[in-house]
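See structure below.
The values are calculated or read from the model by the stated rules, or taken from the named source; none is laboratory data. Quantities reported herein were computed from a predicted structural model and do not represent experimental measurements. Every residue, glycine as well, gets a Cβ built from its backbone with ideal geometry; the counts of neighbours run over all protein chains shown. Please note that ligands, DNA and RNA were not included when accessible areas were found on the heavy atoms of the full protein model with its side chains. Shrake-Rupley method; radii C 1.70, N 1.55, O 1.52, S 1.80 Å.
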Amino acid sequence: VNVHAIGSVLQTLLSLPEFQNVSTGALVVKEPLNFWGGARVKPKDTKNSEPVYEPATGRVLCDMIPCGEEVDEAIKSAHSAYLKWSKLSGMERARIMLEAARIIRERRDEIARAEVANNGKSITEAQVDIDVAWQCIEYYAGIAPTLSGQHIQLPGGSFAYTRREPLGVCVGIGAWNYPFQIAAWKSAPAMACGNAMVFKPSPMTPVTAVMLAEIYKEAGVPDGLFNVVQGGAETGGLLCHHPMVAKVSFTGSVPTGKKVMEMAAKGVKQVTLELGGKSPLIIFKDCELENAIKGALMANFLTQGEVCCNGTRVFVQREIMPQFLEEVVKRTKAIPVGDPMCEETRMGALISKPHMEKVLGFIKQAKEQGAKVLCGGERFVPSDPKLKDGYFVSPCVLDNCRDDMTCVKEEIFGPVMSVLPFDTEDEVLQRANNTTFGLASGVFTRDIARAHRVAENLQAGTCYINNYNVGPVEVPFGGYKMSGFGRENGQVTTEYYSQLKTVVVEMGDVESLF
């Protein structure tokens, strides 16, 4: 308990001098990054600590110290907060959530800079991510008071009603590509429905989830309502197996998603999985070409290509292939790569050195299998000396691709666009659906009937028509096939963070067979 007492007098991370006006190469995080009971908590055991790197410079940002037995403390803390929070009305919960959204909006730039230092994406994108986070919390604050059941009339004046009730303690497991945003995406619907959450960020991006925890605390949630435990697979396993956990929501890769589902099954816990993708983007010759080109760039190069719903298989109708490639290559070569803290930068650094090497390996393999690199695909060394060890890769366009190539079948998760020609609608649909993934898809055409027909026939959780990678918080997001199940965002997500109770009321006498 004394740890919490000390913790509560500490200032928030965002108010510490090192977090004010973070610049590239300047941030060193020394504070504990675990949070429960309403305060940051020092880890008990530091022997398994792992270095966390700043992608733009390759230097150590902080140490990630995984939680072991402390996971139990965090979950108990969440449970006691849940007992208080679940008794509040939706309006009371909404008021606190709106305050949290307001604080995030106010501190957007500081949070965004911390996100850039930890993740490597451009500051322009990070600011959008933080905006999406507060909008998500604001959206679910609006939904909290509307949660309701149904009244069902039965014979003789008897009736039944349903109640939408919270699940209890939910676990959120985040990914490293959108660290702050995913923490908001998981916590906002969970809290709106009356649950508490223990959130585990990716071990590569431990820094910003704690800021969200501190902001919720400042907004007035009960201590323990949103907790952060750091760690990798082992910590994740402790969370998934814990008997007091009611639900696990996971964002990450397919193999890890399978393990999460398997662990949760032992306790019959509910699961939401948002996994990988290898999404098709289909561009017909009757498209508005300028928009299709912009769409293809947005579908491949956001966050250095490290986006699960990216449209990395770009199918272009043969007649317009030459114009499409010429323009896409010209614009890809012009993307400013470099210091992610600079407003002008449009592409920052990949998350880690091993990941960068993996992406470069995919490109090398694509060349060996006969793909033609039209531009990029190499390690990029910016002119600024402090960025010489950063994990930069120049954005790459691959031509001469075939459906059976590794670069077309497997998720690269880097700035690599594979372009494939097609002739007919039927053929391209069959090829687009020939994958185990099904997260997103897109189509560019001016033919309204074709647009809706293609959308109907693509096997994916989202289909973008004449745009790509737009994700308003009002709209559900999630996968088909091996890309997972359950949804994030939109009204429907309340169904994944609550359970239905039926109450049957007899107004007459019991009819008995005995």
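With 22, 71 as the choices, which residue is closer than 30 Å to residue 381 by Cα and either modelled with pLDDT under 95 or surrounded by 17 or more Cβ atoms within 10 Å (Cβ to Cβ) (or both)?
22
Which one of these does residue 360 not meet: (1) over 25 Å from residue 285 (Cβ atoms); (2) in contact with a helix residue (DSSP H, G or I) (Cβ under 9 Å, 6 or more places away or on another chain); (3) modelled with pLDDT of 95 or more?
(2)
Considering only region 356-391, how many residues are within 22 Å of the chain's Cα centre (by Cα) and either of a type in the set (Phe, Trp, Tyr) or open to solvent by less than 20 Å² (accessible area, probe 1.4 Å) (or both)?
Residues flagged as within 22 Å of the chain's Cα centre (by Cα) and either of a type in the set (Phe, Trp, Tyr) or open to solvent by less than 20 Å² (accessible area, probe 1.4 Å) (or both) within region 356-391 amount to 3.
Across region 446-466, what is the number of residues that are surrounded by fewer than 14 Cβ atoms within 10 Å (Cβ to Cβ) and not in a helix (DSSP H, G or I)?
Of the residues in region 446-466, 1 are surrounded by fewer than 14 Cβ atoms within 10 Å (Cβ to Cβ) and not in a helix (DSSP H, G or I).
Given (1) free of Cβ contacts under 8 Å to residues at least 60 places away in the same chain; (2) touching a helix residue (DSSP H, G or I) at 6+ places or on another chain (Cβ under 8 Å); (3) in the same structural domain as residue 24 (by the TED database), identify the lone condition not met by residue 289.
(3)
Is there a residue in region 330-353 that is on the phi < 0 side of the Ramachandran plot, open to solvent by less than 10 Å² (accessible area, probe 1.4 Å) and of a type in the set (Gly, Ala, Ser)?
yes
Quick check on my filter: what residues within region 43-71 are among the hydrophobic types (A, V, I, L, M, F, W, C) and within 14 Å of residue 230 (Cβ to Cβ)?
Across region 43-71, the qualifying residues are 52, 61, 62, 64, 65, 67, 71.
Hey, residue 495 hits all of (1) open to solvent by 10 Å² or more (accessible area, probe 1.4 Å); (2) assigned to a helix (DSSP H, G or I); (3) not assigned by the TED database to the domain that holds residue 154 but one; which does it fall short on?
In the conditions (1) open to solvent by 10 Å² or more (accessible area, probe 1.4 Å); (2) assigned to a helix (DSSP H, G or I); (3) not assigned by the TED database to the domain that holds residue 154, residue 495 misses (3) alone.
Would you check which residues across region 35-80 are in contact with a helix residue (DSSP H, G or I) (Cβ under 7 Å, 6 or more places away or on another chain), among the polar types (S, T, N, Q) and not in a loop (DSSP other than H, G, I, E, B) and list them?
The answer is none; no residue qualifies.
Which of the residues spanning region 433-445 are part of a loop (DSSP other than H, G, I, E, B) and open to solvent by less than 60 Å² (accessible area, probe 1.4 Å)?
Those that are part of a loop (DSSP other than H, G, I, E, B) and open to solvent by less than 60 Å² (accessible area, probe 1.4 Å): 433, 435, 437, 438, 439, 440, 441, 445.
Checking the condition in contact with a Phe, Trp or Tyr (Cβ under 8 Å, 6 or more places away or on another chain), touching a residue at least 12 places away in the same chain (Cβ under 8 Å) and either hydrophobic (A, V, I, L, M, F, W, C) or open to solvent by less than 70 Å² (accessible area, probe 1.4 Å) (or both), which residue from 16, 61 passes?
Residue meeting the stated conditions: 61.
Of the conditions (1) part of a loop (DSSP other than H, G, I, E, B); (2) open to solvent by 60 Å² or more (accessible area, probe 1.4 Å), residue 430 clears all except one; give me its number.
All conditions are met except number (1).
Before we move on, is residue 193 under 19 Å from the mean Cα position of the chain (by Cα) and either assigned by the TED database to the domain that holds residue 39 or open to solvent by less than 10 Å² (accessible area, probe 1.4 Å) (or both)?
no
Please go through region 364-419 and give me each residue that is of a type in the set (Val, Ile, Thr) and outside any strand (DSSP E or B), ordered by number.
Within region 364-419, 381, 406, 408, 412 qualify.
Please specify each residue of region 203-236 satisfying the condition of being open to solvent by 10 Å² or more (accessible area, probe 1.4 Å) and within 20 Å of residue 65 (Cβ to Cβ).
203, 204, 214, 232, 233, 234
Report, by residue number, each residue of region 473-492 that is part of a loop (DSSP other than H, G, I, E, B), free of Cβ contacts under 8 Å to residues at least 40 places away in the same chain and open to solvent by 10 Å² or more (accessible area, probe 1.4 Å).
475, 476
Looking only at region 188-205, which residues are farther than 18 Å from residue 73 by Cα and either without any contact (Cβ under 8 Å) to a residue 60 or more places away in the chain or out of contact with any Pro (no Cβ under 8 Å at 6 or more places or on another chain) (or both)?
Within region 188-205, 188, 189, 190, 191, 192, 202, 204 qualify.
Could you grab me the full set of residues in region 409-422 that are farther than 15 Å from residue 307 by Cβ and surrounded by fewer than 24 Cβ atoms within 10 Å (Cβ to Cβ)?
The answer is 409, 410, 420, 421, 422.
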